[in-house]
There are 2 protein chains.
Amino acid sequence: MTVDPGLPDHITPRRVVIIGGGFAGLFAARTLRHAPVQVTVVDRTPHHLFQPLLYQCATGILSEGQIAVPLRHVLRRHENVDCVLAEVTDVDVAARRVIGLRPTGRPIEIPYDDLIVCAGVQQSYFGHDEYALVAPGMKTLEDALTIRRRVFGAFEMASTATDPAERRRWLTFALVGAGPTGVELAGQIHEVATFTLRNEYRQFDPDETTVLLLDGGKEPLAPFGPKLAARAAKALAGMGVELHMGSIVTAVDARGIEVKGPDGTARRFDAGTVLWTAGVTAPALAGQLARRTGAEQDRAGRLKVRPDLTLPGHPEISVVGDLMSLGHLPGVAEVAMQGGLYAGRRITRQVERGAGEPRPFRYHDLGSAAYISRGRAVLSVGPVHASGLVGWLGWLFIHLAFLTSFRNRLGALLTWATAFSRETRRERAVTMARVKPGEDLYHPVPESLAARERTRS
Amino acid sequence: MTVDPGLPDHITPRRVVIIGGGFAGLFAARTLRHAPVQVTVVDRTPHHLFQPLLYQCATGILSEGQIAVPLRHVLRRHENVDCVLAEVTDVDVAARRVIGLRPTGRPIEIPYDDLIVCAGVQQSYFGHDEYALVAPGMKTLEDALTIRRRVFGAFEMASTATDPAERRRWLTFALVGAGPTGVELAGQIHEVATFTLRNEYRQFDPDETTVLLLDGGKEPLAPFGPKLAARAAKALAGMGVELHMGSIVTAVDARGIEVKGPDGTARRFDAGTVLWTAGVTAPALAGQLARRTGAEQDRAGRLKVRPDLTLPGHPEISVVGDLMSLGHLPGVAEVAMQGGLYAGRRITRQVERGAGEPRPFRYHDLGSAAYISRGRAVLSVGPVHASGLVGWLGWLFIHLAFLTSFRNRLGALLTWATAFSRETRRERAVTMARVKPGEDLYHPVPESLAARERTRS
């Protein structure tokens, strides 16, 4: 399988196919820039998404273009890289071909010598996909725009309310999942209500908004460790966010949410907006790959990899990013970037120097940060733990440092400076669907889910 | 009907209702800021749209938030103004009530003492609404995002093409209507193809793109006068845009467009993307108002007004903006702003000094400008005509001057500086619909139109 480094022109270069243009895929493609290989990045969207800031797009701070850049644009100077827009449905492991569907619905097959799978994970509703009908997740650009429409739409709906209970319901936001995304969304929605929308409504004060953060676990931001988790909980409570830990969701509908509390009692919260960031699950492709290669999947369906990030018995298939299951590494951008880098380097070395047992992947934890609200964040970098303003400055530094690789720092800094210093979020514009009976402009029911709902009831 | 200026607290202030939050409505509301009146702005969207730059949102230069700002936000410090989100369906002229539908579908009635109607106009397909199925117009934020998806999507589709004719079709854009919007779109699409997407596709050179600009008239930008029209035609031709003047559209379908040329011969152009900016028509509300008040409508359905911009026999109803028909005033932002200002001032004066015959409305033409491509624009300010770089600098100055009223100048200037100086448009991100049989991700068929299409065929 190895190819000589000094590749003569008439020999077809080794073909590397990368499934997914997220952090892992992008870093793998970049690492392979100077390797004598032909790289194809397949993704079902044309853009690379800066997912850690999706919540800022959802709450009107950043525009779509500020968190989603065309993959082709990022990789335009990588002459050995081509981008293909397609949804990968299967991999023919024996014939070494990736099988997918073009946006036209036309099938496509892409042969590979090396395959890097970084297709990511999707929102999990723990077997209750019907919750998605009323409680959007936070994984894609579409999700962010749906949440933007619902969050700002909820205040509009509150202004149309004719009785106090209806208004209170529209001013209640229930967020399921107290991980970084849930905590960040809670902080942002609170800020929208108390700061951004100040003086904008005549019939009520948006300040009356209630933000509920519900989670089955013991504390918010549990992966940050007990000390920062406690500080985050304190910061959220101090802002007025209602934390309901140890709460298991038992039902979600268009008017609220039902949970079983820590003491086992059932409780209902009326809420006009329910957002879901509680869990993730691997896409169907992971199951296909497991069946075809005999690889194991973990509880969330992620693929278990060897220390060199390949599937057992298949040194030509690496799995990196959120879809990779290795030890207890978290599903964060940093792990994906380092995994992509490792997979790209491993292939480069093989091509240039021939095969050989590579050093196992080692994750260098550069720290994690979660932004709670203006000037408040929690940050954990090695032994250093910070919260409040120091944490926020750390957050700012980390995000500017990473953003710089593909957006200009100045632009982001200016945007944030504007959002923090003035009573405005610049990206509040939403598009609205037409009214159909039984729904409003801000809450159109997706056709597929509506149909499913109809057959159920 | 007049109310004393020193209004005691227990007297209900005069109620002014403004239908539409465009340039006319916004300027009317602002003018009434210090008048002893209660103002309600009713709009079916929550934002004021800076329509002259819609084409920049459609082609990836500006984000939605940069051209659409929440009306409530713009007017938050106007304590006598409230914004109501509703679609106005009728006006009960006798009872002086505006009748509409809330986003929930719930009916709403708003009483008025004075009514300012500035509901604008919509895209006209000259009796062929089915064209909208394949040829989106350019009036709303939704339109801009649809066009953004189609323009950038066309290049993606070209990259999936399996035969040269199919690729050529996807690389052909047919624009119907050579007014400012059509000319600006043509220039931008040409720039996207030759500049923005440079080096991004491996299978073809986006430079091979053909942009067709079709119009039934004799020259593009006719309202700018023959001299600038000729310069615009020369600039477009110099860039490689194919001008087809004197061409009447006879059919539009998903694969192209058919026209009758100036010599009467039929001709077909294969084009993957057809965009429509050819004509405007008044919304149904104008017809309702004409029936209820006996007002006349012009050919496009606009309401003919008296010299004081009111409807004959109804001094309490002003019609301003694009919906107003007065002499041969063009449907541009400048006329709308001055009309809104006039209507607001007229009411202020009546309330403060009692009724009296006001001076007739006089439009002060501050000039027009159309942006063709980087560093190229045509500009007409009184006796001054300019094109090329000088025209472009004038265009920049005019737009910065007007933008400043509600966005910060620096931000827009920076955005434009980036778009002009670097090979990038920052706002290329699009969302895509799911594949249904017979359509692709970039060209989902709107349900309502698909249903109509089905019943037709």
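Here is the tail figure for segment B:66-191: Cα pairs spaced more than 20 Å apart come to 64 percent of all pairs.
For segment A:321-403, just say rounded, prolate or oblate: build the C-alpha gyration tensor, square-root its eigenvalues into a ≥ b ≥ c, call rounded for a/c under 1.5, and beyond that prolate if a/b exceeds b/c, oblate if not. Cα axes put segment A:321-403 in the prolate bin. The modelled label-to-label distance for the pair A:Asp270/B:Ala165, using points 7 Å beyond Cα in the direction of Cβ, is 6.3 nm.
Its Cα centre serving as origin, the protein assembly as shown has a Cβ charge dipole (Lys and Arg +1, Asp and Glu -1) of approximately 1080 debye. Averaging the sequence gap over all C-alpha pairs within less than 8 Å and six or more residues apart, then dividing by the number of residues, gives chain A a relative contact order of 19 percent. When the helices of the protein assembly as shown are scored as -39500 (n - 2.57) per DSSP H run of n ≥ 4 and the total is divided over every residue, the value at 222 nm lands at -9500 deg cm²/dmol. Counting only residues at least eight positions apart within a chain, or on another chain, the aspartates and glutamates with an alpha carbon under 15 Å from that of B:Lys227 are B:Glu219. Rounded to the nearest 20, the size of the Cβ-charge dipole of segment B:126-278 about its Cα centre is 300 debye, with Lys and Arg at +1 and Asp and Glu at -1. Rounded to the nearest 20 debye, the dipole size of segment B:350-392 about its Cα centre is 180 debye, using +1 on the Cβ of Lys and Arg and -1 on the Cβ of Asp and Glu. Among B:Ser373, B:Ala343, B:Ala222, whose Cα lies farthest out toward the positive end of the dipole of chain B, if unit charges sit on the beta carbon of Lys, Arg (+1) and Asp, Glu (-1)? It is B:Ala343, whose Cα lies furthest towards the positive end. In chain B, a dipole from Cβ-located charges (positive for Lys and Arg, negative for Asp and Glu) runs towards its positive end, and of B:Tyr55, B:Gly388, B:Leu275 it is B:Gly388 whose Cα lies farthest in that direction. Rounded to the nearest 10 degrees, the inclination of helix B:388-403 to the longest alpha-carbon principal axis of chain B is 40 degrees. Measuring heavy-atom accessible area with a 1.4 angstrom probe and counting protein chains only, the residues of segment A:187-203 that give up at least 40 Å² relative to the chain alone are A:Glu200, A:Arg202.
Where chain B is carried onto chain A by rotation, the Cβ closest to that axis, with its residue and distance in Å, is B:Ser63, 2. What separates the A:Thr162 label point from its copies, with the point 7 Å along Cα to Cβ, is 5.7 nm, written shortest first. Ordered by 1.4 Å accessible area with all protein chains kept, A:Asp253, A:Asp114 run largest first as A:Asp253, A:Asp114. Sparsely packed loop sites in segment B:257-301 (the trypsin sites (Lys or Arg not before Pro) outside DSSP H, G, I, E and B with at most 11 other Cβ atoms within 10 Å) comprise B:Arg299. Peptide A:72-84 shows a mean partner chain C-beta count of 4 within 10 Å per residue C-beta. Rounded to the nearest 100, the interface formed by chains B and A buries 5100 square angstrom of accessible surface, both chains summed, with a 1.4 Å probe. A Förster distance of 30 Å, applied to the separation of the beta-carbon atoms of A:Asp365 and B:Arg374, puts the FRET efficiency at 0.10.
Residues B:Lys304, B:Lys139, B:Lys218 ordered from highest to lowest accessible area at a 1.4 Å probe: B:Lys218, B:Lys304, B:Lys139. Between A:Lys260 and A:Arg15, the modelled label-to-label distance comes to 5.1 nm, taking each label 7 Å out from Cα in the direction of the beta carbon.
A point 7 Å from Cα along Cα→Cβ stands in for A:Asp207, and the other copies hold the same point at 6.1 nm, listed in rising order. The angle separating the long axis of helix A:180-191 from the principal Cα axis of greatest extent in chain A is about 40 degrees.
Extension gain, B:Gln122 to B:Ala300, is 63.1 nm, computed as 0.36 nm per intervening residue step minus the present C-alpha separation. Restriction of the GluC sites (Glu not before Pro) in segment A:6-106 to DSSP coil positions whose beta-carbon has at most 16 other beta-carbons within 10 angstrom yields A:Glu79. A loss of 30 Å² or more of accessible area (1.4 Å probe, protein heavy atoms, ligands and nucleic acids excluded) relative to the isolated chain is seen in these residues of segment B:95-125: B:Arg102, B:Pro103, B:Thr104, B:Arg106. For chain A, the longest principal axis of the Cα atoms and the long axis of helix A:284-293 meet at an angle of about 30 degrees.
Quick one: pull the percent of accessible area on chain A belonging to carbon and sulfur, 1.4 Å probe, ligands and nucleic acids left out. Carbon with sulfur: 53 percent of the solvent-accessible area. For chain A, rounded, prolate or oblate, judged on the Cα gyration tensor with a ≥ b ≥ c (square roots of eigenvalues), a/c < 1.5 rounded, else prolate if a/b > b/c? Judged from the Cα gyration tensor, chain A comes out prolate (a/c at least 1.5, a/b above b/c). Per residue, the accessible area of the protein assembly as shown comes to 41 Å², computed with a 1.4 Å probe over protein heavy atoms only.
Plainly put, the tip 7 Å out from Cα toward Cβ on A:Ile99 is 6.0 nm from that tip on each other copy, the closest given first. Once a ≥ b ≥ c are taken as the square roots of the eigenvalues of the Cα gyration tensor of the protein assembly as shown, is the result rounded (a/c under 1.5), prolate (a/b larger than b/c) or oblate (a/b not larger than b/c)? Oblate is the answer for the protein assembly as shown, as a/c is 1.5 or above yet b/c matches or exceeds a/b. Across the protein chains, with a 1.4 Å probe defining accessible surface, the residues A:Glu142, B:Glu296 rank B:Glu296, A:Glu142 from largest area downward. With heavy atoms of protein chains only and a 1.4 Å probe, what residues of segment A:29-49 have at least 10 Å² less accessible area in the full set of chains than alone? Checking the loss per residue gives A:Arg44, A:Pro46, A:His47. Here segment B:126-278 carries DSSP beta bridges of which approximately 45% are antiparallel, counting only pairs with both residues inside.
The values are calculated or read from the model by the stated rules, or taken from the named source; none is laboratory data. Computed from a prediction, not measured in an experiment: that's the story for all the values here. Every residue, glycine among them, receives a Cβ derived from its backbone with ideal geometry; neighbour counts consider all protein chains shown. Each accessible area value is taken on the protein alone, full model and side chains, heavy atoms only, with ligands, DNA and RNA left out. Shrake-Rupley method; radii C 1.70, N 1.55, O 1.52, S 1.80 Å.
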